[in-house]
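One structure is given here, and the rest of the page talks about it.
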Amino acid sequence: MKQNFPKTMIEKTGFVDPDKKTPKHDEIQRWVYENPEKIIEELGILKNNPYKVVRKIWEHVLFAESHSSRNTSSIVGYIDLLIEIESENSIPYINYRCQGLLVPFYFEIKTSIPSLGDLIRQLRFYQYYLGFNRDFPFVIVCSDDSHKKILNDQGYYFYKYEDPEKLL
């Protein structure tokens, strides 16, 4: 019998996201990939600050340097979608201001949120390894918005996904 071993650091801590293997997850991720401006504008993150999307990366690999050797790295996990924008104006964030730089927006896609604690642990785990980027926006996209207030209180943005087929 084949045994599956954890491949990433987050899996080694016990967090496995079965959501990633579902067609609904791909559908939402594809929609976010095609509509990041809509989400950013509706959330009011940049507030009349002109910008342009310059790069979109699916399953952004988050690495951690190995403690045994500076030449090796291990995979911490995969952030569903990284959208990088460029803006002419300064963009204020919690502890960082940037101007003329690529600003990352990290998107975590969920078809549902069965455990709010698991989701927040996942995001905090990623933030720890992002280093100076940890204060940049994390946006959770899900059709279930029952945890929106707590996620916002914890410093995350929440965007409610509405199936475009059902809006017609």
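Restricted to segment 74-94, and to residues that are within 19 Å of the chain's Cα centre (by Cα) and not in a strand (DSSP E or B), which residue is modelled with the highest pLDDT?
Tyr93
Can you name the residue in segment 15-30 that is more than 22 Å from Pro164 (Cα to Cα) and surrounded by 14 or more Cβ atoms within 10 Å (Cβ to Cβ) and, of all such residues, is modelled with the highest pLDDT? Break it down stepwise before answering.
Start the filter on segment 15-30 by keeping residues that are more than 22 Å from Pro164 (Cα to Cα), which leaves 15-18.
Narrowing further to those that are surrounded by 14 or more Cβ atoms within 10 Å (Cβ to Cβ): 15, 17.
Details: Phe15: 51, Asp17: 61.
Taking the candidates together, the pick is Asp17.
Given the options Tyr33, Tyr106, name the one that is touching a Lys or Arg at 6+ places or on another chain (Cβ under 7 Å), surrounded by 14 or more Cβ atoms within 10 Å (Cβ to Cβ) and at pLDDT 90 or above.
Just a single option satisfies the conditions, and that option is Tyr33.
The values are calculated or read from the model by the stated rules, or taken from the named source; none is laboratory data. No experiment lies behind these values; they were computed from the predicted model shown. Neighbour counts are summed over all protein chains in view; Cβ atoms, including those assigned to glycine, are modelled from backbone coordinates with ideal geometry.
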